[in-house]
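Below: the structure, in structure tokens.
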Amino acid sequence: MSLEAPALTKFKPGSIPSNRRFTISAAGSLSLIHFRGTVSFPLPLFSKRKVVFRSGSKVPAVLEKNECAVTEQTDTPVRIVAVVGDGSVSPLKCATWQEVMLHTAKRLKWVDEGYEMVVFTDNLSQLSNQTVVNLQKELNHADILLIVAVTDQESVEWIQENSRNVPNIISFDSSLNLLNKLGGTYVHSETKGTIFDKIVGVAQPKKANESVEVIQTVSEAWDRHNSDDIRFCLLVITNAYIRPVPTLQNLRSKGFSTLNCMVLNCGPQILNCLLDPNCRKALQCLNQCSPVDQVCNYRCIASYESPNLEAFSLCVLQKNNCLELDAKIPEKPYVPPMAKFQGKDLSHETAEDLFVGWLGSLDWSWRVVAGQNPAYDQFPCQYQLFYRGKAKGSFWYEPVFQVRTLEGQLVWRRRKYRVKRDKIPGTFYFTVLDNGVVSKEFWTIVYVSDDFSWGLFHYHGAARVAGQSYTGAVLVSPNGAYPSETERSRIVTALDKCGIKEWELFTVDNCSCQDPPLGIPEGSSLHSTTDVKDQNWPCV
């Protein structure tokens, strides 16, 4: 049967299941702290990322290698078969599911070359005999079968007959007769009122609970309808039932060593956070978010930001690294920078000028039109400010963006990055201390048009002590409007260099952008070698 998103349960404060949450538990008590796992402490990492930790409790199924996992060997391939409805259309800007899954197979290789994913359509009557034979062979040694938009009865029966030995089957938007299976056990979905999906055929309650947690995580991720979360669904199942996924394992707590580190080094910061009304509101808000919904988590932090919240994460993560994490900037995909601008070889000075963009003619360098990362690139009214500082060779980036708070207010946020040139012109390292944690990013100028009408910037990043790494890209223009249709082929070519499809982009809401807190420090300088012609760009 199709995997439907289960109804959300009502968790007691601090008792939420987690893959990025860690609840502090200890003997003893304080007047404002209920110990024994009843308070969650948020650790905002930087402007759009947040981690909360849990100690003294079992690692949730989405972060724990399930006992049904068949191997610990990282060199053993993980074999995934996707079967999609022939001609079926996805919610991702009407891209076909076949196209989405073929792209997912490519993106999985960025995580681990050992992930082997093949994609078939379900139009069995029109497939060649050899293709059908190949599908049967793939199913015989598949670790995961992903079924999407398959409703044809003949196809359903064929899949049922030929997938009996696949240990993990997950089905979306398909016939109710296609049952899901996790760790070799069928999962039957029965939603009654507000209770969770019922797990049948599972003998052990522990395994049932783990299956429910995996189902909840995968369902919520799938319902966000973006390429990052589709890939994440497969990684969660792989991690729980096949072999550990390092990017998920890295978010696990270290048990009592983490707790001891926090208590010994950050006691005042913990108390100050709990005594601060905004900190308490942030905790309550975070408890309502799905553990994997980073947008929801960030909205909580953006709504109730406070110096005490920042001081807490600065102490626990950045200064003492209580989680003992060490995330690295991803190496894939490799994105080459543009080599020439206006017919000349790109120099470091010109590359910086491309970032500076329209600042001087306008009050900002660029405005973000659309972005690829679903958690970090879709906030409203994103302005970019790039400028040269007073000190020789210094260069700075300040993003200014809006957040809609939980009370419905639109508030402005601003961050400050130090920018350093890398060896190749058009590539840079960005560093920011944001909400208490240092984040390092590697940016590439993929393309800027000769007339400065649009540009594409790609980034790889990591918050080392928070155990998080990420990638993304932003399409920019002077006024936040999408470039003209005549530029579309160039945009698609630039996106291809990043391994990004146009249907992966999220369009930024550039309405209601009144009175952004712009401006740069007095004494800063702008362009060095490039003149930007003043043009009358209409506002969005």
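The values are calculated or read from the model by the stated rules, or taken from the named source; none is laboratory data. Just so we're clear, the structure is a prediction, and the values are computed from it rather than from any experiment. As a convention, Cβ positions derive from the backbone with ideal geometry for all residues, glycine included, and neighbour counts pool all protein chains shown. Surface accessibility is based on the protein's heavy atoms, side chains included, excluding ligands, DNA and RNA. Shrake-Rupley method; radii C 1.70, N 1.55, O 1.52, S 1.80 Å.
Among the residues of the range 391-408 satisfying the criterion of being polar (S, T, N, Q) and in contact (Cβ under 8 Å) with a residue 60 or more places away in the chain, which is surrounded by the fewest Cβ atoms within 10 Å (Cβ to Cβ)?
So the residue we want is T405.
Taking the residues in the range 350-387 that are among the charged types (D, E, K, R) and in contact with a His (Cβ under 9 Å, 6 or more places away or on another chain) as candidates, determine which candidate is farthest from H527 (Cα to Cα).
Our first condition is that a residue be among the charged types (D, E, K, R); within the range 350-387, this holds for 352-353, 363, 367, 377.
Of the ones still in play, those that are also in contact with a His (Cβ under 9 Å, 6 or more places away or on another chain) are 352-353.
Values: E352: 8, D353: 5 Å.
Out of the qualifying residues, it is E352.
Collect the residues in the range 89-133 that are part of a strand (DSSP E or B) and surrounded by 19 or more Cβ atoms within 10 Å (Cβ to Cβ), keeping them in residue-number order.
Those that are part of a strand (DSSP E or B) and surrounded by 19 or more Cβ atoms within 10 Å (Cβ to Cβ): T96, Y115, M117, V119, F120, T121.
Scan the range 440-459 for residues that are open to solvent by 10 Å² or more (accessible area, probe 1.4 Å) and outside any strand (DSSP E or B) and jot them down.
D450, D451, S453
Given N272, N250, N265, N239, which one is farther than 22 Å from Q136 by Cα, modelled with pLDDT under 90 and open to solvent by 10 Å² or more (accessible area, probe 1.4 Å)?
N250
Six or more apart or on different chains, Cβ under 7 Å: which pairs go from a residue in the range 87-104 that's over 15 Å from V118 (Cβ atoms) and touching a residue at least 12 places away in the same chain (Cβ under 8 Å) to one that's part of a helix (DSSP H, G or I) and open to solvent by 20 Å² or more (accessible area, probe 1.4 Å)? Could you list them?
From residues that are over 15 Å from V118 (Cβ atoms) and touching a residue at least 12 places away in the same chain (Cβ under 8 Å), the pairs are L92/W503; K93/W503; A95/W503.
Any residue in the range 308-319 that is open to solvent by less than 50 Å² (accessible area, probe 1.4 Å), part of a loop (DSSP other than H, G, I, E, B) and of a type outside the set (G, A, S)?
Scanning the range 308-319, I find no residue that is open to solvent by less than 50 Å² (accessible area, probe 1.4 Å), part of a loop (DSSP other than H, G, I, E, B) and of a type outside the set (G, A, S), so the answer is no.
Residues of the range 209-227 being of a type in the set (D, E, K, R) and either within 16 Å of L146 (Cβ to Cβ) or buried (at least 21 other Cβ atoms within 10 Å of the Cβ) (or both), which ones? Before you say what the answer is, go through the steps one by one.
Kept after step one, since they are of a type in the set (D, E, K, R), are these residues of the range 209-227: 210, 213, 220, 223-224.
Correct list: E210, E213, D223.
Please tell me if K332 is in contact (Cβ under 8 Å) with a residue 60 or more places away in the chain and either among the charged types (D, E, K, R) or within 17 Å of E441 (Cα to Cα) (or both).
It is true that K332 is in contact (Cβ under 8 Å) with a residue 60 or more places away in the chain and either among the charged types (D, E, K, R) or within 17 Å of E441 (Cα to Cα) (or both).
Quick one: how many residues across the range 460-501 are open to solvent by 10 Å² or more (accessible area, probe 1.4 Å), β-branched (V, I, T) and either in contact with an Asp or Glu (Cβ under 7 Å, 6 or more places away or on another chain) or part of a helix (DSSP H, G or I) (or both)?
Residues that pass the stated criteria total 3.
Could you tell me whether V437 is more than 21 Å from V335 (Cα to Cα) and either open to solvent by less than 10 Å² (accessible area, probe 1.4 Å) or free of Cβ contacts under 8 Å to residues at least 40 places away in the same chain (or both)?
yes
Identify all residues within the range 410-424 that are open to solvent by 40 Å² or more (accessible area, probe 1.4 Å), assigned to a strand (DSSP E or B) and either under 17 Å from A351 (Cα atoms) or not hydrophobic (A, V, I, L, M, F, W, C) (or both); write none if there are none.
If the condition is that a residue be open to solvent by 40 Å² or more (accessible area, probe 1.4 Å), assigned to a strand (DSSP E or B) and either under 17 Å from A351 (Cα atoms) or not hydrophobic (A, V, I, L, M, F, W, C) (or both), then R413, R414, R418, K420, R421 are the ones that fit.
Every residue, every condition in (1) surrounded by fewer than 15 Cβ atoms within 10 Å (Cβ to Cβ); (2) modelled with pLDDT of 90 or more; (3) not small (G, A, S), yes or no:
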position: L362; (1), (2), (3): no, yes, yes
position: W366; (1), (2), (3): no, yes, yes
position: G371; (1), (2), (3): no, yes, no
position: P374; (1), (2), (3): no, no, yes
position: F379; (1), (2), (3): no, no, yes
position: G389; (1), (2), (3): no, yes, no
position: G426; (1), (2), (3): no, yes, no
position: Y429; (1), (2), (3): no, yes, yes
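Only one of P291, P337, P330 is in contact with a Ser or Thr (Cβ under 9 Å, 6 or more places away or on another chain), under 30 Å from C266 (Cβ atoms) and modelled with pLDDT of 90 or more; which?
Answer to the check: P330.
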